[in-house]
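Following: one structure in structure tokens, then a few remarks.
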Number of protein chains: 6
Amino acid sequence: MNPAPLATETLERLRRVATATLTTQLFKLGFRNTFLSGAKPVSPELRMVGEALTLRFVPAREDLAVFDNITKPDYPQRAAIESCQPGQVLVVDGRGVESAAIGGDIYMSRLKALGAAGCVVDGCVRDFASIRTLDFPVYARGAASPPHPARHLAVDWNVPIGCCGVLVMPGDILVGDADGVVCIPRHLAEEVARTGADLDDLEAFVLERIKAGAAVPGTYPPNEKTRAEYEVWRKKRG
Amino acid sequence: MNPAPLATETLERLRRVATATLTTQLFKLGFRNTFLSGAKPVSPELRMVGEALTLRFVPAREDLAVFDNITKPDYPQRAAIESCQPGQVLVVDGRGVESAAIGGDIYMSRLKALGAAGCVVDGCVRDFASIRTLDFPVYARGAASPPHPARHLAVDWNVPIGCCGVLVMPGDILVGDADGVVCIPRHLAEEVARTGADLDDLEAFVLERIKAGAAVPGTYPPNEKTRAEYEVWRKKRG
Amino acid sequence: MNPAPLATETLERLRRVATATLTTQLFKLGFRNTFLSGAKPVSPELRMVGEALTLRFVPAREDLAVFDNITKPDYPQRAAIESCQPGQVLVVDGRGVESAAIGGDIYMSRLKALGAAGCVVDGCVRDFASIRTLDFPVYARGAASPPHPARHLAVDWNVPIGCCGVLVMPGDILVGDADGVVCIPRHLAEEVARTGADLDDLEAFVLERIKAGAAVPGTYPPNEKTRAEYEVWRKKRG
Amino acid sequence: MNPAPLATETLERLRRVATATLTTQLFKLGFRNTFLSGAKPVSPELRMVGEALTLRFVPAREDLAVFDNITKPDYPQRAAIESCQPGQVLVVDGRGVESAAIGGDIYMSRLKALGAAGCVVDGCVRDFASIRTLDFPVYARGAASPPHPARHLAVDWNVPIGCCGVLVMPGDILVGDADGVVCIPRHLAEEVARTGADLDDLEAFVLERIKAGAAVPGTYPPNEKTRAEYEVWRKKRG
Amino acid sequence: MNPAPLATETLERLRRVATATLTTQLFKLGFRNTFLSGAKPVSPELRMVGEALTLRFVPAREDLAVFDNITKPDYPQRAAIESCQPGQVLVVDGRGVESAAIGGDIYMSRLKALGAAGCVVDGCVRDFASIRTLDFPVYARGAASPPHPARHLAVDWNVPIGCCGVLVMPGDILVGDADGVVCIPRHLAEEVARTGADLDDLEAFVLERIKAGAAVPGTYPPNEKTRAEYEVWRKKRG
Amino acid sequence: MNPAPLATETLERLRRVATATLTTQLFKLGFRNTFLSGAKPVSPELRMVGEALTLRFVPAREDLAVFDNITKPDYPQRAAIESCQPGQVLVVDGRGVESAAIGGDIYMSRLKALGAAGCVVDGCVRDFASIRTLDFPVYARGAASPPHPARHLAVDWNVPIGCCGVLVMPGDILVGDADGVVCIPRHLAEEVARTGADLDDLEAFVLERIKAGAAVPGTYPPNEKTRAEYEVWRKKRG
């Protein structure tokens, strides 16, 4: 749970590599289930990179999911949020529920104030319009008004969770862009950041070529000639 | 079906209280199922407050769901729309169907011309782009092109219906914002409008504090000190 | 598979008739299942009209859905794309899957360069933000990052497929607007283009009337008097 | 609502014709949506034929769906059951819910005592094992223990309803066997009973032939020779 | 986690009270979500009563969900099973997945050998036919052949879990019959066992009456006269 | 499409190895998606082993899915059935639809008469009760009465298809038992039959031990001592 911090270079690479590229590199390494399908960007223009801080909800029970309980400081939702370290992403197993919110602008603002890198919810958030103004990346299934105890009870944090059908271990690396969120197993972050940055460069070149009328065969994947041209292009670009 | 009209003050309060706050107040009163999950705003920048006028559809049958029938003035869909009073919201049990439209810009424009406060559909609408220009709040599951008799037959109006999994009685109060739509049982409207307005004020103060760096514990819910500061803030604000 | 090309007049009409009108005309002809429910516009401001070029995916198998195979020129996805003729719409049976992308900005740019009229996917696309800048109509269930072999294998093209629950035959006419996509059986295209254009004109007139305060009964469908006024309106309009 | 009773001959035919045959005959008449998909036989060995008595539920609300209300004689569920006439089938719009029961052995026994022909529920029943012993045909999505007010409120009876995606009008004819339940529009009952009985006879003959090794082409549908042999077979059989 | 054991009398009552009765009593106490919808009896003729021992799965990851890991003694699935005490029910959050099995006849036999009272799985089991012969109550969504690491990884046991949409705390009381499984919050077990036993007796009397032709009103709920007759009946019955 | 026939020994092994064992062996070879989830045995007491003959349906269109067309000998459904060779399993992409039948006792009887090994349908069948009497293994999602053209049109056979989310290539090996159906890529059939038979033997021994009170650790997977005892057991057993 306290692994060596990621190298700055790795983080910088992850900040500019597309999630499409990262899932492709993970696929090549044998990982077919790394995309948190259903977690859509509240603010598609923002990118997100950070380490997972996890939070787990279970179905509500009428005697436990009451405001007196859920407002205590040691309630797992509150404890997790207040524990948040700079650069972390709060990742919430909200059970895919679309009829209640896991939180709203108050909790998202608190996470931002603590230096969090973002928040990913397998469920919904309230105050959708307000969250869009926060300049803080949030990914969720959508908006819902009701308070979470109408459906959920928080029971754990900092444990492995499932989020949108994907395993998220505390410390895993979450990367988000307009396409959605990928969870990179921590020990693979350096590798996919590096190979992903290379692939992203290549795809930028390929896209230019295709737009200019090149056929897909020979261009992508590049044949020897295209590869050579790419090397020239890359050097020019710096 | 002809209850006393809501007080002007209640309506004014409901026009500025968030649906997130209203569902919270209803939850505290024991109501866990008041949010019409799935009905998303066509025009998220508009707010909606009004009394429910209900309309019920059932599955189409090939011999009944034909244009000759559905264009008669006493067809329930048409009768309901023409009966609409100023301040009402047409609430439609469209069975959650996403492959046909319950109506489009013509019906929405007619509702607007009659002074309706909005329209909520557990189903889809056509002419999505045009409806966005109407300055009339519509909530639906999304857009669909096909005419409703491809899937539906209207059979009743002004009866209790289920809409997006929530009971809507004629005369209930529907409130919508960017997060979605809440149905307030009519006899509770005055109470939740009043307590909701108070909570909304408090949350505005809390949000300011959290953005300024306050921790959640002590701030929300407010401890005695925060509560006192809030009272000062509120008086200043007027 | 090589039917007579559509008349220019038919294509022009289809470019301005709403999909809501087209599905209505098809419904009147007995076709209740022509709307590709779930395929939403990536760029809602664009319209699309073209002939279907189909592509079929099946579930991936770990030994076949590998990059070595899917990058060969005769891989059905690549063969279909490179075969695309001006005016065609690539229609993809992506099995409704939301956890992988059928393609991204490279393939969409290639289709555009070839003169394709658009792309419809019963599944997801990557590079969502980039595709929005292409001025090329794409319809899909949403965005997803992972490469298609994580879920799919392409096995066939130019065969009848199901797409979003609708039969699409090669050569059928696909029309898309902000409401979504309709598939018109090819032999009916001329007829629904013609009758649809008439209905669209009438509905424009009706909408004006309704906005001006007319009641639905008598206006839509028009009674004799309204019909006469419409004829005057239409002549004025030219 | 008080149409002429069905002829005894029609009822007798419906008691022996397969639902597969009846849906086929309805399909030939243009009806594609007559099968109550999801309503499975609790007792597959029983057959059911009767006239629809309908009952409609909506989502529960905590202040209305309470035992004090739902045990009143005029509560729609109770009123409908006590109103049941011999030969009727209680058809319940239970909203497809699988987490609560619409009723159990007490209500089913009451219906049987009143001479009801059966019960069809778009939802669940409790006391599954006990109902299986009643010699009374019940069709439902499955078993569930909780009382209906945990999810539902009855609001109407003797009105058109949707049940398992099919329109059921009061007085329509419900027929059930091991494959499930078909709803026959009342005015078509005589016709499909008659043509269905003929088709059922033919299919019995065809099945014998196919089991004896005949190929499908020529046998089903029968060519002239097979048709002639069938006529002989039918006369022998009486 | 080590509460006082349940009284023998409570356990005996729970062994004969229907789950329909228990969910009714819980509903009256304000609990609307106690039924594990989707967990169907593999052996409907068996009843189950026991205390929850919980086990939690999350989505598989290709590098962790491998046989080398999942066969270690401290793998949570194995640790939970070997820890099982007589009278416990293993309750498994199998994420509702129907394409892999959580276990089969070997694990169920081990649980039985340890004196477990049963097993409830929000997911599937393999060796369905063999499990039916074990005289051991198992509830699951159905049968599936694949080993669990194809979809799952066990990460925790003896923690609160969601199972079929219901909160299950370690030590809660699970009761199962042919209708399905109810989870009784432990502190309510004595109360609902007692009141449930009374209600079950009454309903047995009511069912007799209804079968004999009594109307529902006056019989259920019983009016004064029926209540008196019931008291006589109950005394006779002993 | 005309690979070497499977060895008799392979077929014999597959006839006695559990599908749970086969999916386990395939998982060890890297195949995580081989189980046709949702295809349940109509006759759970039968086993099935055979080579895939595939058939593909797409959504119906009102002008094409008519009896005149679907009864022609070259209609793909009929052509596929009549082409069936001894030992083949007809595998049908029925699109998961539960509101229409792909076929009934006539088609299943014809397949049996032709020596087919069974039939697997990603969809429903009619004549459920009759099919149960045929001594012919059929796997489907359940029963439904309506004829297939109410929902489907057959367009292809002997092509790769998806069935219940799994790729099935013509010639792949389908094995079914009470747990369901696994599709074995043809080139792996010999290997998994052989290793599966060994594992099945071991598991039979392990089950005996566990039932006799052995703990799971040490027994399964077997440690050296258990492995030695197993070898003795196996030799005794012959």
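The values are calculated or read from the model by the stated rules, or taken from the named source; none is laboratory data. All of these numbers come straight from a predicted model, not from anything done at the bench. Using ideal geometry, Cβ is built from the backbone for each residue, glycine included, and neighbour counts are taken over all protein chains shown.
Data table
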read-out	value
Matching residues in the stretch B:1-37 - criterion: being under 29 Å from B:ALA129 (Cβ atoms) and touching a Gly at 6+ places or on another chain (Cβ under 7 Å)	B:THR19, B:ALA20, B:PHE35, B:LEU36, B:SER37
Residue among D:ALA150, D:ALA228, D:ALA193, D:ALA212 that alone is closer than 30 Å to E:LEU26 by Cα and among the small types (Gly, Ala, Ser)	D:ALA150
Residue that is modelled with the highest pLDDT, among those in the stretch A:57-81 that are assigned to a loop (DSSP other than H, G, I, E, B) and basic (Lys, Arg)	A:ARG61
Filtered residue count, the stretch A:91-103, keeping only those that are within 18 Å of the chain's Cα centre (by Cα) and not acidic (Asp, Glu)	7
Residue tally, condition at the interface with chain B (Cβ under 10 Å from one of its Cβ atoms) and either surrounded by fewer than 21 Cβ atoms within 10 Å (Cβ to Cβ) or closer than 27 Å to A:VAL182 by Cβ (or both), over the stretch A:76-90	4
Qualifying positions in the stretch D:119-134 - outside any helix (DSSP H, G or I), in contact with a helix residue (DSSP H, G or I) (Cβ under 8 Å, 6 or more places away or on another chain) and either touching a residue at least 60 places away in the same chain (Cβ under 8 Å) or closer than 17 Å to D:GLY50 by Cβ (or both)	D:CYS119, D:VAL125, D:LEU134
Residue check for E:LEU11: touching a residue at least 24 places away in the same chain (Cβ under 8 Å) and assigned to a helix (DSSP H, G or I)	yes
Complete set of residues in the stretch D:14-24 that are at the interface with chain F (Cβ under 10 Å from one of its Cβ atoms) and farther than 15 Å from D:ALA204 by Cβ	D:THR19, D:LEU22, D:THR23
Residue match in the stretch A:35-44 (condition: of a type outside the set (Val, Ile, Thr), assigned to a helix (DSSP H, G or I) and out of contact with any Phe, Trp or Tyr (no Cβ under 7 Å at 6 or more places or on another chain))	no
Residues of the stretch D:13-43 satisfying the condition of being hydrophobic (A, V, I, L, M, F, W, C) and either under 15 Å from D:VAL168 (Cα atoms) or touching a helix residue (DSSP H, G or I) at 6+ places or on another chain (Cβ under 8 Å) (or both)	D:LEU14, D:VAL17, D:ALA18, D:LEU22, D:LEU26, D:PHE27, D:LEU29, D:PHE31, D:PHE35, D:LEU36, D:ALA39, D:VAL42
Selected residue (criterion: surrounded by the most Cβ atoms within 10 Å (Cβ to Cβ)) from residues of the stretch A:96-146 that are within 7 Å of chain B (Cβ to nearest Cβ) and among the hydroxyl-bearing types (Ser, Thr, Tyr)	A:SER145
Every pair of residues 6+ apart whose Cβ atoms lie under 8 Å, when the first sits in the stretch A:25-41 and is facing chain C (nearest Cβ under 7 Å) while the second is among the aliphatic types (A, V, I, L, M) and assigned to a loop (DSSP other than H, G, I, E, B)	A:PHE35/C:ALA100; A:PHE35/C:ALA144; A:SER37/C:ALA144
The stretch E:150-161 - residue that is touching a helix residue (DSSP H, G or I) at 6+ places or on another chain (Cβ under 7 Å) and more than 7 Å from every other protein chain (Cβ to nearest Cβ) and, of those, surrounded by the most Cβ atoms within 10 Å (Cβ to Cβ)	E:ALA154
Near pairs, Cβ below 6 angstrom, 6+ apart or cross-chain, from the stretch C:200-213 (on the phi > 0 side of the Ramachandran plot) to any residue that is aliphatic (A, V, I, L, M)	C:GLY213/B:ALA113
Every residue from the stretch C:164-180 that is farther than 22 Å from F:ASP156 by Cα and within 8 Å of another protein chain (Cβ to nearest Cβ)	C:ASP177, C:ALA178, C:ASP179, C:GLY180
Residue, surrounded by the most Cβ atoms within 10 Å (Cβ to Cβ), within the stretch E:49-75, restricted to residues that are of a type in the set (S, T, N, Q) and either within 18 Å of A:MET169 (Cβ to Cβ) or touching a residue at least 40 places away in the same chain (Cβ under 8 Å) (or both)	E:THR54
